[in-house]
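Student: Handing you this structure, nothing more for now.
The values are calculated or read from the model by the stated rules, or taken from the named source; none is laboratory data. Just so it is clear, the structure is predicted and the values come from calculations on it, not from any experiment. Using ideal geometry, Cβ is built from the backbone for each residue, glycine included, and neighbour counts are taken over all protein chains shown.
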Amino acid sequence: MVASFDAQLACMITLVLGLQFGDEGKGKIVDYLSESSDAVIKFNGGSNAGHTVVTDEGKFKFHLVPSGALRAGEVILGNGMTIDPFLLDQEMNNLSKFKEKINVKISKSAHVVTPMHRYLDQAEETARGSLSIGTTAQGIGPTYEDKYARTGIRIADLSNRGLLEEKIELIYRMKRSLLENSEYASEQNRRAMAEKLYEIGLKLKHLTCDTEIYLNDLANKGKNLLFEGSHGSMLDVDFGTYPFVTSSNTTSGAVSTGSGLSLRRVDRIVGVVKSYMSRVGFGPFPTELPAAEGDRLRTIGNEYGTTTGRPRRVGWLDLVLLKYTIMINDVDSIALTRVDTLGKLERIKIGYEYVLDGKTLDSLPKSNEDLARVSVKYRDFKSWGDLGDDRIREIIGKGFDNLPAELKEYIDFIEQKLGKDVDIISLGEKRSMTLFRKQ
Ligand code: GDP
Ligand code: IMO
Ligand code: MG
């Protein structure tokens, strides 16, 4: 059993990330944990991420600003991110209606998503044909492409009009075949886009800095830091179901490259696990539920994308997949979300083993074709029922021992199979509906 979570919270560096295909409830857990954070840091992704946080004050949607922004002293957008500056400005404005002072720092080295990248995202999807990914159309893929092609526009470039224009022309030349039927085929339009980017760059300039230096300084001062991973581990560009993944690393190693703080400084890694699975976009999904059953869970869980509104594919919890993502991330403990949603089903299952061509597999097959072909062994669980707000409040008041026996059995099975403790249990969308397990 790992050391008590809350005892370590006092002064520590924590990383929260999703262990499935995204939308595990990371936003809710980050907001919950951020009460004692001096800074919350994002290190990957962009507005393809969408997080919902629900407090007594209302429902908050986050994309670029970390979900910890409601409570943390300051928030940092690291170099590993791809940032649409117009969207960031809008998101900060929206948030400022609820929080007077949001202390934001943006890495000068983060990459800029331009309207042209958004166009390219859709143009590339069309070009992919049957190999299309089902992206969020936020321009993230093309922006990372430019980053690695060394043609990308960085946040610092926004305040250098000449360089900005030059880079836009360069990207246009490199991707002309995809852009020739778009508004960006016109030089005048490209200049107009450069002008708008320059203006927003000037507006945001005072927030930019070398965040890696700032962050290391905070860590050296013993500040309480919370890293917020975007997406899910199975969407990692290296370890996920490539090519049906996002364009960045979403696993723990990305903390170092995406923020400049060494992963060795991280004290604790919390893996967020939704008590069932969901996936938006294409790609293999071994425990996916067939239409009718899936519809029920999707409706109960309101499983529609925060960013795109697309219906999410849903399925049973998959422990084989979780074993893999726990290994890749070196997870210390688990935050289990949406157990209230799952309890509304009469019949509950957990997938715990894959069989392929009559053989039990030791680990997740890395080929998508095999992953799509596995048959899954399930264990059935009795439902703990629709708990309702009063019972949830009672459980939270009385603690872990007061959980329904059926739910305890469900959690015991997960802990035993994964060899990790479930330290946080989320029983509702509200911040207050969270149970912190004391050991
Ligand atoms: P993220 O991308 O991992 O931050 O997750 P999203 O915010 O995109 O999706 C998770 C959804 O589940 C959001 O609408 C949350 O408000 C909601 N949610 C999170 N935890 C719980 C929970 O324990 N119970 C219920 N009912 N909803 C939850
Ligand atoms: P959060 O942080 C769910 C998925 C997309 C698509 C693939 C590639 O809210 O968990 P992209 O636009 O990144 O090029 O799309 O990745 N995807 C997500 N799915 N939650 C997310 O983020 C996602 N971010 C990307 O649906 O299949
Ligand atoms: Mg989400």
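Student: Within segment 171-195, work out how many residues are in a helix (DSSP H, G or I) and surrounded by 16 or more Cβ atoms within 10 Å (Cβ to Cβ).
Tutor: Our first condition is that a residue be in a helix (DSSP H, G or I); within segment 171-195, this holds for 171-174, 176-179, 183-185, 187-195.
Among the residues that remain, those that are also surrounded by 16 or more Cβ atoms within 10 Å (Cβ to Cβ) are: 171-172, 178-179, 184, 190, 193-194.
Residues flagged as in a helix (DSSP H, G or I) and surrounded by 16 or more Cβ atoms within 10 Å (Cβ to Cβ) within segment 171-195 amount to 8.
Student: Sticking with this structure for a sec: Among the residues that make up segment 57-66, is at least one of them at positive phi and either in contact (Cβ under 8 Å) with a residue 24 or more places away in the chain or within 16 Å of ligand 1 (Cβ to nearest atom) (or both)?
Tutor: Here is the first cut: in segment 57-66, the ones at positive phi are 58.
After this cut, where a residue has to be either in contact (Cβ under 8 Å) with a residue 24 or more places away in the chain or within 16 Å of ligand 1 (Cβ to nearest atom) (or both) as well, the list is 58.
The answer is yes; a qualifying residue exists.
Student: Select from segment 261-316 the residues that are out of contact with any strand residue (DSSP E or B) (no Cβ under 8 Å at 6 or more places or on another chain) and acidic (Asp, Glu) and write down the one among them that is modelled with the highest pLDDT.
Tutor: Top of the filtered list is ASP295.
Student: Inside segment 115-131, can you point out the residues that are modelled with pLDDT of 95 or more and of a type in the set (S, T, N, Q)?
Tutor: Those that are modelled with pLDDT of 95 or more and of a type in the set (S, T, N, Q): GLN122, THR126.
Student: Of the residues HIS51, HIS111, which is within 29 Å of GLU145 (Cβ to Cβ), more than 16 Å from ligand 3 (Cβ to nearest atom) and of a type outside the set (Val, Ile, Thr)?
Tutor: Details: HIS51 fails: more than 16 Å from ligand 3 (Cβ to nearest atom).
Residue meeting the stated conditions: HIS111.
Student: Here's something else I'd like to know. Which residue, of ASP390, ASP357, is under 29 Å from PRO404 (Cβ atoms) and loosely packed, with under 12 Cβ neighbours inside 10 Å?
Tutor: Details: ASP357 fails: under 29 Å from PRO404 (Cβ atoms).
Result of the check over ASP390, ASP357: ASP390.
Student: Could you tell me whether segment 249-264 includes any residue that is within 17 Å of the chain's Cα centre (by Cα), surrounded by 24 or more Cβ atoms within 10 Å (Cβ to Cβ), more than 16 Å from ligand 1 (Cβ to nearest atom) and not in a helix (DSSP H, G or I)?
Tutor: Yes - at least one qualifying residue is present in segment 249-264.
Student: Look at segment 80-114 and say how many of its residues are aromatic (Phe, Trp, Tyr) and modelled with pLDDT of 95 or more. I'd like the intermediate steps shown before the answer.
Tutor: Restricting attention to segment 80-114, the residues satisfying the condition of being aromatic (Phe, Trp, Tyr) are 86, 98.
Next, only the ones that are modelled with pLDDT of 95 or more stay: 86.
Total satisfying the criteria: 1.
Student: Return the only residue of THR287, THR337 being within 30 Å of GLY139 (Cα to Cα) and within 12 Å of ligand 1 (Cβ to nearest atom). Quick ask: steps written out before the conclusion?
Tutor: On the way: THR287 fails: within 12 Å of ligand 1 (Cβ to nearest atom).
None of the others qualify; the one that does is THR337.
Student: Select, from TYR172, TYR148, the only residue that is closer than 24 Å to PHE43 by Cα and among the aromatic types (Phe, Trp, Tyr).
Tutor: Going through TYR172, TYR148 in turn, the sole match is TYR148.
Student: Something else now. With respect to GLY271, determine if the residue is surrounded by 21 or more Cβ atoms within 10 Å (Cβ to Cβ) and part of a helix (DSSP H, G or I).
Tutor: Numbers: surrounded by 21 or more Cβ atoms within 10 Å (Cβ to Cβ): yes; part of a helix (DSSP H, G or I): no.
Criteria not met by GLY271.
Student: For VAL245, are the conditions met, namely being within 19 Å of VAL314 (Cα to Cα), part of a loop (DSSP other than H, G, I, E, B) and in contact with a helix residue (DSSP H, G or I) (Cβ under 8 Å, 6 or more places away or on another chain)?
Tutor: Details: within 19 Å of VAL314 (Cα to Cα): yes; part of a loop (DSSP other than H, G, I, E, B): yes; in contact with a helix residue (DSSP H, G or I) (Cβ under 8 Å, 6 or more places away or on another chain): yes.
For VAL245, the condition - within 19 Å of VAL314 (Cα to Cα), part of a loop (DSSP other than H, G, I, E, B) and in contact with a helix residue (DSSP H, G or I) (Cβ under 8 Å, 6 or more places away or on another chain) - is met.
Student: Could you tell me whether TYR148 is in a helix (DSSP H, G or I) and in contact (Cβ under 8 Å) with a residue 24 or more places away in the chain? Working first, answer last.
Tutor: Values: in a helix (DSSP H, G or I): yes; in contact (Cβ under 8 Å) with a residue 24 or more places away in the chain: no.
Spelling it out, it is not the case that TYR148 is in a helix (DSSP H, G or I) and in contact (Cβ under 8 Å) with a residue 24 or more places away in the chain.
Listed here are the residues, each with its yes/no results for (1) touching a Cys at 6+ places or on another chain (Cβ under 6 Å); (2) within 16 Å of ligand 3 (Cβ to nearest atom); (3) without any contact (Cβ under 8 Å) to a residue 60 or more places away in the chain.
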{"position": "VAL270", "(1), (2), (3)": "no, no, no"}
{"position": "LEU289", "(1), (2), (3)": "no, no, yes"}
{"position": "ASN302", "(1), (2), (3)": "no, yes, yes"}
{"position": "ARG312", "(1), (2), (3)": "no, yes, no"}
{"position": "LEU317", "(1), (2), (3)": "no, no, no"}
{"position": "LEU321", "(1), (2), (3)": "no, no, no"}
{"position": "ILE326", "(1), (2), (3)": "no, no, no"}
{"position": "ASP332", "(1), (2), (3)": "no, no, no"}
{"position": "GLY343", "(1), (2), (3)": "no, no, no"}
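Student: Look at ASP380 and say whether it is at pLDDT 95 or above, surrounded by fewer than 17 Cβ atoms within 10 Å (Cβ to Cβ) and of a type in the set (Asp, Glu). Break it down into steps so the answer makes sense when it comes.
Tutor: Numbers: at pLDDT 95 or above: yes; surrounded by fewer than 17 Cβ atoms within 10 Å (Cβ to Cβ): yes; of a type in the set (Asp, Glu): yes.
Against the criterion (at pLDDT 95 or above, surrounded by fewer than 17 Cβ atoms within 10 Å (Cβ to Cβ) and of a type in the set (Asp, Glu)), ASP380 qualifies.
Student: Of the conditions (1) farther than 30 Å from TYR242 by Cβ; (2) out of contact with any strand residue (DSSP E or B) (no Cβ under 8 Å at 6 or more places or on another chain), LYS105 clears all except one; give me its number.
Tutor: Evaluating LYS105 over (1) farther than 30 Å from TYR242 by Cβ; (2) out of contact with any strand residue (DSSP E or B) (no Cβ under 8 Å at 6 or more places or on another chain) leaves (2) as the failure.
Student: Right, another one. If we scan segment 370-385, do we find a residue that is hydrophobic (A, V, I, L, M, F, W, C), farther than 22 Å from LEU418 by Cα and more than 16 Å from ligand 1 (Cβ to nearest atom)? Please lay out each step first, then the result.
Tutor: Taking segment 370-385 and keeping what is hydrophobic (A, V, I, L, M, F, W, C), we get 371-372, 374, 376, 381, 384.
Now narrow it down to the ones that are farther than 22 Å from LEU418 by Cα: 372.
Remaining after also requiring more than 16 Å from ligand 1 (Cβ to nearest atom): 372.
Yes, segment 370-385 contains at least one residue that is hydrophobic (A, V, I, L, M, F, W, C), farther than 22 Å from LEU418 by Cα and more than 16 Å from ligand 1 (Cβ to nearest atom).
Student: Check whether at least one residue in segment 42-55 is surrounded by fewer than 24 Cβ atoms within 10 Å (Cβ to Cβ), near ligand 1 (Cβ under 10 Å from one of its atoms), over 13 Å from GLU228 (Cα atoms) and not hydrophobic (A, V, I, L, M, F, W, C), and report yes or no.
Tutor: yes
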